[in-house]
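Below: the structure, in structure tokens.
The values are calculated or read from the model by the stated rules, or taken from the named source; none is laboratory data. Remember, predicted model here, so these are calculated numbers, not experimental data. Here the Cβ positions follow ideal geometry from the backbone for every residue, glycine too, while neighbour counts run over all protein chains shown. Remember, those area values only see protein heavy atoms, side chains included, never the ligands or the DNA or RNA. Shrake-Rupley method; radii C 1.70, N 1.55, O 1.52, S 1.80 Å.
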Amino acid sequence: MRRSVDPPHRAKIIYAVYLIAALDITWMFLQFSVTPYLAKKLGFDTLWFGYLQTVVGLIQLCGGPMFGRFGDLFGARVALTLACVSTVVFFLLLAVADHPVMLFVHKLPTVFMHVLPACQMVVADLSEPEKRADALSKMGLCFGFGMITGSTLGGHLNTRYGEKFTALFGAAGSTFTLLLVLKFIPKTTKAQDPTVSIFNVGEITRLMEFPGVTRTFIVKTVAGLPSGIFQVMFSIIAMEFLKLQPEENGYLMAYLGILQMVIQGGVIGRLTARYSDSSLLLLSVGISSLVGLAQAYLQNVSQFCLIVVPMMFSLSMFNVITDSMLTKSVPSSDTGTMLGLCSSVQSLLRTVGPTVGGFLYLNYGYSSIGTVQFIVNMAVFAYLLRRGLNKTAEQKE
């Protein structure tokens, strides 16, 4: 299959993409050390913070598929440049946010803040289909590094210098990431350039017609909803249920980052080389259901540190496998659009997650979030298992 980038240069570009992704995730987790505490200072309660998260989800839900198509049409460099510039503006608006309305306004640039999907597009374009899951799983190392560095750095900066300085530091860091994009990322990584308009919704939804895509998307959305609720509510859970201060929260996130690096760097790649995507998808959903059951009985930080090991494994495996299955199902010229749609699934979860999570947390307590995850993922596990058994029976016949 013809590539737009010569083989000797692919490895160099992929390593540059890994660095760009690691830095962007660093700045993302850095702002996680700012937003919830700034929101609390400005008078936000759990419900209004949920509304803030919902706004972000809605904005990115609209922007994700269009941004993916934008990347397919105009190339990796232009797409990543737009995403990085938007991140700089995001942090500058956060730095001057001194009113509840400004917290909502500073979220507007997130419509274009899709650095990670753009990086995944480049990796998918430059890797062979049989090695794609492993290449995408290496992004987890970047995620782990960013989680550790961003959370620790954000906690220290916020504690010692305040929210405004931390936000300005994020803006400076995002500017550096932008310079790396302009230096190392080629104009395009596609074998051929699509010519369809970026706003052609039919061309985006056309991808759903490829075999297996719709089913995988439904599984990704339904099974991902409960864990998505937990993720968007985690900052509130850390503050109110676990009673963590900014610096303590930074240390906890650093611990999660280390787990992420170990799991995606040393475990998932080996499993994807030995087992089929469908088997690993079934495994991840099954473990996720058991994690939900354990979360329902969570009492303190020590227990959370134990539960989070299988949680991170199932979440990482689920995201890598579903993204890999979906990008393998479409032509290489559409990988950006497909990853944009994958991103929109996460945005959808962030849209409904805060509202559902806030309702469950306020009315039924923290344990209800884990209970919902157990029930939903067990149902999806039963569906996948039954489908796998039926397929095996058909092959024998």
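Considered as a group, the residues in segment 309-330 that are at pLDDT 90 or above and surrounded by fewer than 18 Cβ atoms within 10 Å (Cβ to Cβ) include one that is farthest from Met239 (Cα to Cα), and that residue is Pro310. Could you please let me know if Pro129 is over 26 Å from Asn249 (Cβ atoms) and touching a helix residue (DSSP H, G or I) at 6+ places or on another chain (Cβ under 8 Å)? For Pro129, the condition - over 26 Å from Asn249 (Cβ atoms) and touching a helix residue (DSSP H, G or I) at 6+ places or on another chain (Cβ under 8 Å) - is met. When each of Lys107, Lys40 is tested for being among the charged types (D, E, K, R) and open to solvent by 20 Å² or more (accessible area, probe 1.4 Å), the lone residue that passes is Lys40.
Of all residues in segment 239-248, none satisfies being open to solvent by less than 10 Å² (accessible area, probe 1.4 Å) and assigned by the TED database to the domain that holds Leu306.
State all residues of segment 357-370 that are touching a helix residue (DSSP H, G or I) at 6+ places or on another chain (Cβ under 8 Å) and open to solvent by less than 60 Å² (accessible area, probe 1.4 Å); if no residue qualifies, say none.
Gly357, Gly358, Leu360, Tyr361, Tyr366, Ser367, Ser368, Ile369, Gly370
Taking segment 246-341 and the helices (runs of 4 or more DSSP H) fully enclosed by it, the elements with 2 or more residues that are without any contact (Cβ under 8 Å) to a residue 12 or more places away in the chain are at 268-274, 301-328. With the requirement that a residue be closer than 22 Å to His99 by Cβ, open to solvent by 10 Å² or more (accessible area, probe 1.4 Å) and at pLDDT 85 or above, what does segment 13-35 give you? The answer is Gln31, and nothing else. You will find that of Phe169, Phe143, Phe176, the residue that is of a type in the set (A, V, I, L, M, F, W, C), over 17 Å from Val78 (Cα atoms) and modelled with pLDDT of 90 or more is Phe169 and no other.
Only one of Lys131, Lys138 is assigned by the TED database to the domain that holds Glu163, closer than 20 Å to Asp24 by Cα and open to solvent by 50 Å² or more (accessible area, probe 1.4 Å); which?
Lys138
Within the set of pairs 6+ apart or on separate chains, which have a first residue in segment 179-196 that is closer than 14 Å to Thr81 by Cβ and open to solvent by 20 Å² or more (accessible area, probe 1.4 Å), a second that is at pLDDT 75 or above and not basic (Lys, Arg), and C-beta atoms under 6 Å apart? Close Cβ pairs (under 6 Å, with a partner that is at pLDDT 75 or above and not basic (Lys, Arg)) amount to Leu180/Ile20; Phe184/Ala16; Lys187/Gly75; Thr188/Gly75. Yes or no: segment 141-159 includes at least one residue that is outside any helix (DSSP H, G or I) and open to solvent by less than 50 Å² (accessible area, probe 1.4 Å). No, every residue in segment 141-159 fails to be outside any helix (DSSP H, G or I) and open to solvent by less than 50 Å² (accessible area, probe 1.4 Å). Among the residues making up segment 352-397, those that are farther than 30 Å from Val56 by Cα and either at pLDDT below 85 or touching a Pro at 6+ places or on another chain (Cβ under 9 Å) (or both) are Gly388, Leu389, Asn390, Lys391, Thr392, Ala393, Glu394, Gln395, Lys396, Glu397. Put simply, of Leu38, Leu47, Leu73 the only residue that is modelled with pLDDT under 80, of a type in the set (A, V, I, L, M) and outside the structural domain of Ser347 (by the TED database) is Leu47.
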